[in-house]
């Protein structure tokens with residue numbers, strides 16, 4: 001059914017790189033969410049009112065908040081596809097994350113309000129009027145939410161949308177919450193013990209937890225999280241595939257919304273190679289990465305001496321020293337400045353996130369080991385932060 005809806009309502013649905021098509025996916029998810037959640041709200045609020053169940057009423061209010069969230073989803077996708085302008089040169093794609101954050105706050109606030117209602121139900125209990133109609137309504141709600149979860153996760157996976165994936169997970173949380181309400185209804189029927197208010201609190205806690213998860217998932221890309229490791233490896237593999245590229249380092253990848261990537265990297269080329277030839281190679285890589293991976297890549301060209309035997313030997317020795325200190329450490333931009341009384345070994349060390357030693361402590365340890373090779377060698381070290389993965 002999901003695929004059929006996509007084919008019916010989204011023109012050129014396979015062209016997911018098209019911003020308009022992506023927006024239409026978001027609209028479809030939002031419209032389906034509004035319709036299904038309003039339907040669930042209507043049948044639950046009627047059942048909750050007639051049979052005096054605070055847990056069912058709480059679950060109904062959760063559905064109306066989900067419908068409101070779907071409206072915000074549509075607005076978010078609409079704003080995210082606005083083209084870049086003078087004030088926002090990277091576009092508006094992060095609006096999708098902002099809409100998800102707003103939804104998260106609404107959900108958490110609603111959960112807190114429902115805890116208050118449930119506590120009142122515990123303090124002032126009223127008997128629940130059991131009906132098989134209530135059971136049927138809750139069963140329909142559970143099945144609908146299961147389908148909602150599958151629907152949103154399918155769309156989210158297809159267009160790589162964290163917002164829709166989170167909405168799908170939220171629907172699955174609702175399945176658990178509604179199941180808890182159904183369990184309390186059946187429990188009261190067969191035992192005569194009223195746990196409606198307590199189940200109302202359970203539902204409210206599910207709502208708050210769901211909102212909290214969405215806050216984390218939507219704030220993460222806004223704050224700037226590490227790029228997907230598969231994407232990083234794909235970029236590295238692509239760059240290293242070109243003849244004339246010796247290596248790369250300092251790869252930094254930024255996301256300004258789903259499928260809106262910018263990156264910078266230092267690419268090492270032989271210093272003996274003609275500079276115009278190397279520059280043409282760099283331009284080619286930038287164009288190809290944009291065309292094939294849809295990443296706006298800026299490359300800094302690093303000429304590396306490859307035909308000096310002493311430099312090559314020392315580079316290998318220093319790299320081995322650094323690796324012995326920690327396998328996650330690496331060096332680049334190695335140069336030898338030889339002198340009559342002493343020689344400077346000039347290089348950068350890439351330090352992984354979470355590395356415990358201070359820069360000066362690490363510098364002293366490297367210098368101590370290098371002095372064992374030759375006491376007249378002095379290290380001039382620049383420390384780099386590794387933002388993505390193990391350096392190449």
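The values are calculated or read from the model by the stated rules, or taken from the named source; none is laboratory data. Keep in mind that what you see is a predicted model, and the values were worked out from it rather than measured. Quick reminder, even Gly has a Cβ in these numbers, built from the backbone with ideal geometry, and neighbours come from all protein chains shown.
So here's what we get for this one:
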{"item": "From 188, 165, 139, residue being within 35 Å of the chain's Cα centre (by Cα) and either touching a residue at least 60 places away in the same chain (Cβ under 8 Å) or loosely packed, with under 15 Cβ neighbours inside 10 Å (or both)", "result": "139"}
{"item": "Residue within the range 81-94 that is surrounded by fewer than 22 Cβ atoms within 10 Å (Cβ to Cβ) and in a helix (DSSP H, G or I) present", "result": "no"}
{"item": "Test: residue in the range 54-71 that is in the same structural domain as residue 205 (by TED's automatic domain parsing), surrounded by fewer than 17 Cβ atoms within 10 Å (Cβ to Cβ) and under 24 Å from the mean Cα position of the chain (by Cα)", "result": "yes"}
{"item": "Subset tally (residues that are in contact with a strand residue (DSSP E or B) (Cβ under 7 Å, 6 or more places away or on another chain) and either within 16 Å of residue 332 (Cα to Cα) or in a helix (DSSP H, G or I) (or both)) for the range 343-361", "result": "9"}
{"item": "Hey, residue 46 surrounded by fewer than 20 Cβ atoms within 10 Å (Cβ to Cβ) and closer than 17 Å to residue 165 by Cα or not", "result": "no"}
{"item": "Failed criterion for residue 385 (all others in (1) at pLDDT below 95; (2) surrounded by fewer than 16 Cβ atoms within 10 Å (Cβ to Cβ); (3) over 30 Å from the mean Cα position of the chain (by Cα); (4) under 23 Å from residue 302 (Cβ atoms) hold)", "result": "(3)"}
{"item": "Qualifying residue in the range 196-208 (condition: exposed (fewer than 15 other Cβ atoms within 10 Å of the Cβ) and either within 28 Å of residue 296 (Cα to Cα) or in contact with a helix residue (DSSP H, G or I) (Cβ under 6 Å, 6 or more places away or on another chain) (or both))", "result": "no"}
{"item": "Scope the range 152-161; condition out of contact with any helix residue (DSSP H, G or I) (no Cβ under 6 Å at 6 or more places or on another chain) and in contact (Cβ under 8 Å) with a residue 12 or more places away in the chain; matching residues", "result": "158, 160, 161"}
{"item": "Evaluation of residue 64 against (1) assigned to a helix (DSSP H, G or I); (2) in contact (Cβ under 8 Å) with a residue 40 or more places away in the chain (one fails), failing number", "result": "(2)"}
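To keep it simple, each residue is scored yes or no on (1) closer than 20 Å to residue 208 by Cα; (2) in a helix (DSSP H, G or I); (3) out of contact with any helix residue (DSSP H, G or I) (no Cβ under 7 Å at 6 or more places or on another chain).
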{"residue": "118", "(1), (2), (3)": "yes, yes, no"}
{"residue": "122", "(1), (2), (3)": "yes, yes, no"}
{"residue": "127", "(1), (2), (3)": "no, no, yes"}
{"residue": "135", "(1), (2), (3)": "no, yes, no"}
{"residue": "142", "(1), (2), (3)": "yes, yes, no"}
